[in-house]
């Protein structure tokens, strides 16, 4: 199945490509600007992106919205994760703000929602994935992105941060990996009924 992935984020593209094996992933043209992510939930933001890209392409489209929630901060930064330290903040600036504001060993949760949109039939579907963990006060590792260097997953090996895990280890437990596998299961079940191939 050919799917358009509605993102300009190369890290996300690589993660999806590893998990959605057997499906042809296309990415957004560089000149296509996604609309503002002004939804109140991850689901709303994922649908905003998926609908816009599907309208542009006319093909089957997926988009994710994801972020981190700190229990000690009432669930912040949540849907503002990519803009936590400001509208054009870098990953490092966002991470530094979280480390300043959240107490050491705070409970954290990564959340991912993937929206699927078929513009021809109007069919839409959402899948969710989460990963529980805690805040590590000293950033470690250089394999991940975003908040990965300070996120120690509950299910990870040897107290490693997400940024220290191999791709295979991360995909097995990450919020995006879980959501993508849920999407695969749904696509497999729905494809015959809806004539997707």
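Okay, residues lined up against (1) in contact with a strand residue (DSSP E or B) (Cβ under 7 Å, 6 or more places away or on another chain); (2) within 14 Å of residue 183 (Cβ to Cβ); (3) touching a residue at least 12 places away in the same chain (Cβ under 8 Å):
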{"position": "3", "(1), (2), (3)": "yes, yes, yes"}
{"position": "11", "(1), (2), (3)": "no, no, yes"}
{"position": "30", "(1), (2), (3)": "no, no, yes"}
{"position": "49", "(1), (2), (3)": "yes, no, yes"}
{"position": "60", "(1), (2), (3)": "yes, yes, yes"}
{"position": "67", "(1), (2), (3)": "yes, no, yes"}
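Looking at 172, 150, which one is modelled with pLDDT of 95 or more and touching a helix residue (DSSP H, G or I) at 6+ places or on another chain (Cβ under 8 Å)? Every option except 150 fails the conditions. Regarding segment 136-149, can at least one residue be identified that is at positive phi and touching a residue at least 60 places away in the same chain (Cβ under 8 Å)? Within segment 136-149 (the criterion being at positive phi and touching a residue at least 60 places away in the same chain (Cβ under 8 Å)), the answer is yes, since at least one residue qualifies. Could you tell me which residue of segment 17-28 is modelled with the lowest pLDDT, considering only residues that are within 17 Å of residue 115 (Cβ to Cβ) and touching a strand residue (DSSP E or B) at 6+ places or on another chain (Cβ under 6 Å)? Within segment 17-28, the match that is modelled with the lowest pLDDT is 23. Within segment 60-81, being surrounded by fewer than 18 Cβ atoms within 10 Å (Cβ to Cβ) and either assigned to a helix (DSSP H, G or I) or at pLDDT below 95 (or both) holds for 71, 72, 73, 80. Here residue 56 fulfils each of the conditions (1) surrounded by 15 or more Cβ atoms within 10 Å (Cβ to Cβ); (2) in contact (Cβ under 8 Å) with a residue 40 or more places away in the chain; (3) outside any loop (DSSP other than H, G, I, E, B) apart from (2). Determine if segment 123-130 includes at least one residue that is more than 17 Å from the chain's Cα centre (by Cα) and either farther than 23 Å from residue 10 by Cα or assigned to a strand (DSSP E or B) (or both). Yes, segment 123-130 contains at least one residue that is more than 17 Å from the chain's Cα centre (by Cα) and either farther than 23 Å from residue 10 by Cα or assigned to a strand (DSSP E or B) (or both). Filter segment 175-186 down to the residues that are surrounded by fewer than 18 Cβ atoms within 10 Å (Cβ to Cβ) and either in contact with a helix residue (DSSP H, G or I) (Cβ under 7 Å, 6 or more places away or on another chain) or assigned to a loop (DSSP other than H, G, I, E, B) (or both) and list them by number. Matches in segment 175-186: 181 only. Could you tell me whether residue 134 is within 17 Å of the chain's Cα centre (by Cα), part of a strand (DSSP E or B) and over 19 Å from residue 62 (Cβ atoms)? Considered against the rule, which asks whether it is within 17 Å of the chain's Cα centre (by Cα), part of a strand (DSSP E or B) and over 19 Å from residue 62 (Cβ atoms), residue 134 comes out as no. Within segment 82-105, the set of residues being in a loop (DSSP other than H, G, I, E, B), in contact with a helix residue (DSSP H, G or I) (Cβ under 8 Å, 6 or more places away or on another chain) and surrounded by fewer than 17 Cβ atoms within 10 Å (Cβ to Cβ) comprises 86, 89, 103.
The values are calculated or read from the model by the stated rules, or taken from the named source; none is laboratory data. In this text, all values refer to a predicted model and were calculated from it rather than measured experimentally. No Cβ is skipped: glycine too gets one built from the backbone with ideal geometry, and neighbour counts run over all protein chains shown.
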